[in-house]
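The structure under discussion appears below in the form of structure tokens.
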Amino acid sequence: LSVGLFFVALIDLVHTFAYKGMGVFPGAGANLPTQLWIAGRYLMATTFLAAPFFINKDVNRWKSFFSFAFLFTILIISIFLDFFPMAYSEEEGLTKFKIYSEYLVCTLFIISGAILFRSKNKVDLNVFAYIQVAIVSTVISELAFTFYVGVYDISNIVGHYFKLIAFFCIYKALVETSIVTPYRTIFKATIEKDA
């Protein structure tokens, strides 16, 4: 999760810079930040979907890092070279690709939550709870993003608020648990291996 979310954060940073008022990409309309948003959500959803399969397994961090770096590069190149499907049209608003992508992302998150639920005995209870709240918040966020007409619409704002809640829960689950109370996670993993 940590490695994947690092690259999600990079895409989200570019997404923020892509807004018209930022002046980083002159001439770019609302399509560019919307495409970057969808790319980030696909990367995030697949990260959450894959994560439960790596619980209590040795993960090669460098292979993981370079795999995500490769995916990140492919997504960014496809967007900036216009291979990525259009997500927002100034005349029509959200495209069908964007709306259906949000529904697919929601489905992937729900599946990842169900898979994590089946593995709940393998992770610390606090980590499990925070990750599940993050998943629910993300699903609500993505659903809110299917309703907006303009990029400054109220449902867009609601979606971003729920995204903040999700990232706060991810912080609590990954950073605080690993740094502030790492002994809980370590002992849980040790007990599982001994059993």
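Summary of values
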quantity	calculated
Unique match (being open to solvent by less than 20 Å² (accessible area, probe 1.4 Å), among the hydroxyl-bearing types (Ser, Thr, Tyr) and under 19 Å from residue 146 (Cβ atoms)) among 47, 34	34
Test: residue in region 51-58 that is touching a Phe, Trp or Tyr at 6+ places or on another chain (Cβ under 6 Å), under 21 Å from residue 169 (Cα atoms), open to solvent by less than 70 Å² (accessible area, probe 1.4 Å) and aliphatic (A, V, I, L, M)	no
Members of region 60-79 found to be over 20 Å from the mean Cα position of the chain (by Cα) and hydrophobic (A, V, I, L, M, F, W, C), listed by number	62
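The values are calculated or read from the model by the stated rules, or taken from the named source; none is laboratory data. None of these values were measured; they are calculated from a predicted model. FYI the Cβ positions are ideal-geometry reconstructions off the backbone, even for glycines, and counts take in every protein chain you see. Side chains are part of the model used for accessible areas, which takes the heavy atoms of the whole protein and leaves out ligands, DNA and RNA. Shrake-Rupley method; radii C 1.70, N 1.55, O 1.52, S 1.80 Å.
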